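Participant: Got a structure here, written out as structure tokens. Questions coming.
The values are calculated or read from the model by the stated rules, or taken from the named source; none is laboratory data. All figures in this text were calculated on a predicted structure; none of them were measured in a lab. Heads up, the Cβs are rebuilt from the backbone with ideal geometry, glycines too, and the neighbour counts pull from every protein chain shown. In case anyone asks, the SASA skips ligands and DNA or RNA and just uses the protein heavy atoms, side chains included. Shrake-Rupley method; radii C 1.70, N 1.55, O 1.52, S 1.80 Å.
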Amino acid sequence: MGTARNKASRALTSVPVPAASAPKSRATKNLRTAADLAVNGAPPLFTEAVHVGRPNVGNRERFLERTRNILESGWLSNNGPHLLEFERSIADRLGVRNCVAMCNGTIALEIAMRALELHGEVIVPSYTFVATAHALQWQEITPIFADIDPVTQNLDPDSVRRMITPRTTGIVGVHLWGRAAPVAELQAVASERGLRLMFDASHGFGCSLRGKPLGSFGDCEVFSFHATKFFNTFEGGAVVTNDDLLAEKMRLMRNFGFFDYDKVIYTGTNGKMTEISAAMGLTNLESIDNFVAVNRRNYHCYQAEIATIPGLTLLPYDESENNNYQYIVLDVSPDFPVSRDRIIEVLHAEKVLARRYFWPGCHNMEPYRSYYPHAGLVLPNTERVAAQVTVLPSGSAVHAETIHAITSVLRVLASGAV
Ligand code: T4K
């Protein structure tokens, strides 16, 4: 367990979160045969949609109290007191010197890339949310897609090495699904070749590598605090770094580049986080242990069920690390009688909105698809994983009975009788 995390957990009072009600299941019994499936005409298992994740919301009274303070103070944005407290809390929790909070994760990526002076070509995984690649392309930096390790689904350092050219200026690793990228190996490549290294840690808040919180590696790391993330500020994001000069530059860039009232020293944008978002962040930080507990319970419940279904596996969490357990990532083996896409179709008919994140891979999306029509040939693991993975619902609206019902559908499919 990380020292910084232990310090942070001690410092926080864990505020209980009211239990969310389970989506309404059709019946107490689970599905048994193909005739019970909604795709075959039976009524759907759930009467309401079961989303892949619902926002984690901490103690409402604490949030409303902070909201009242904001309204009474008349200070809504631009380095207000909640923002400053939020940034300090995040930096302390992660054991880093600086946190620069932003309006969302995508702008945080863009500002970090610009502040690091990335240009030319930058190596990224294709198997990630498209924002990782778009943040580069938006600034006319060329994303070069490297392949992933088929087991961890994170960047493969050997593939990264193969993609380096004289135009390469940096590497953007992604801690996919909250599992750490191969940080030491990527750092070795970056140091050897004089490249900048940053991480898209959008999925990684609350996770660690060898006990050290994600957020403290490379030149800087970027979090997304979007509503669907484990820890949210409605919309939001942050760059965290131990480099004080870099942090100062990003603080100015997120405020149009202003150094003083009428002195602009950088090309900047509006990347500021509002007071209301910071208030949500401070409130959710107080309940973070509860969010983890709910996710961990769901993960273990899924794990027990899926382990008994041949042809299906869950991407495991390393239990010796701190994890947020946010993503339930199901791998459908080619031996399973039904394809991943058919599974999604069947689950959606039952109102279970499983998602095929991050299909079809960034290299198959525009503009990259037109730029590199044959990229798939050098990304075989990305293509395979993107075609086999589905993310299942979790979070506080999902309970053991929801998971039993969802996995009963998978069991029927495993029998091949569809
Ligand atoms: N890098 C990585 C690796 C990322 O995963 C992301 C974002 C970013 C960068 C960029 O960070 P931000 O700029 O977004 O801060 C969602 C999120 O919009 C996106 O933030 C996230 N990754 C991505 C993985 O997922 P969609 O298109 O799947 O969102 P949507 O609207 O379909 O919502 C997903 C589920 O959540 C739905 O079942 C509905 C439910 N939901 C959603 C919202 C917004 C709610 O129940 N309540 C809500 O308020 O992209």
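Participant: Using alpha carbons only, how many angstrom separate the centre of region 318-390 from the centre of region 214-271?
Facilitator: 30 Å
Participant: Measuring with a 1.4 Å probe in the full set of protein chains, what accessible area per residue, in whole Å², belongs to the chain?
Facilitator: Per-residue accessible area for the chain comes out at 43 Å².
Participant: Which residue fluctuates the most in the chain, going by a Gaussian network model with Cα springs under 10 Å, if the choices are Ala247, Ala307, Ala238?
Facilitator: Highest fluctuation of the listed residues: Ala307.
Participant: Would you mind calculating the relative contact order of region 249-378 from Cα pairs under 8 angstrom and at least 6 residues apart, reporting the percent as a whole number?
Facilitator: Normalised by residue count, the contact order of region 249-378 is 12 percent.
Participant: A further question on this structure: At 10 °C and a viscosity of 1.306 mPa s, what translational diffusion coefficient does Stokes-Einstein give for the chain, taking Rh as the Kirkwood radius over Cα pairs? Give it in µm²/s as a whole number.
Facilitator: 71 µm²/s
Participant: Moving on to the next point. Could you identify which residue out of Gly74, Gly218, Gly173 has the top mean-square fluctuation in a GNM of the chain using Cα springs shorter than 10 Å?
Facilitator: Highest fluctuation of the listed residues: Gly74.
Participant: At 7 Å along the Cα-to-beta-carbon direction for both Ala293 and Glu366, put a label point, then send me their distance in nm to one decimal.
Facilitator: For the pair Ala293/Glu366, the computed spacing is 4.9 nm.
Participant: Anyone know which of Ala35, Ala146, Ala135 comes out most mobile in the 10 Å Cα GNM of the chain?
Facilitator: Comparing Ala35, Ala146, Ala135 in a Gaussian network model of the chain, the most mobile one is Ala35.
Participant: Between Val378 and Thr47, 0.36 nm times their residue separation minus their Cα-Cα distance comes to what?
Facilitator: Taking Val378 through Thr47 to full extension adds about 114.8 nm, to one decimal.
Participant: Which of the listed residues, Pro166, His374, Val292, is farthest toward the dipole's positive end in the chain, when Lys, Arg count +1 and Asp, Glu count -1 at the beta-carbon?
Facilitator: The residue sitting farthest along the positive end of the dipole is Val292.
Participant: Related question: Once you have the Cα-Cα distance between Ala35 and Arg68, take 0.36 nm times their residue separation minus that, and quote the gain in nm to one decimal.
Facilitator: Between Ala35 and Arg68, full extension yields an extra 6.5 nm.
Participant: What is the distance, in nm, between label points placed 7 Å from the Cα along the Cα-to-Cβ direction at Asp158 and at Thr308?
Facilitator: 3.9 nm
Participant: Around Cys362, with a cut-off of 15 angstrom between Cβ atoms, what is the net charge of the other residues, counting Lys and Arg +1 and Asp and Glu -1?
Facilitator: In short, -3.
Participant: What is the diffusion coefficient of region 171-310 in µm²/s, taking the Kirkwood radius over Cα pairs and the Stokes-Einstein relation at 10 °C with a viscosity of 1.306 mPa s?
Facilitator: 93 µm²/s
Participant: Based on DSSP, what percent of beta bridges with both residues in the chain are antiparallel, to the nearest 5?
Facilitator: That works out to approximately 60 percent antiparallel.
Participant: To the nearest 20 Debye, how big is the dipole of the chain about its Cα centre, given +1 on the beta carbon of each Lys and Arg and -1 on that of each Asp and Glu?
Facilitator: Its charge dipole is roughly 700 debye.
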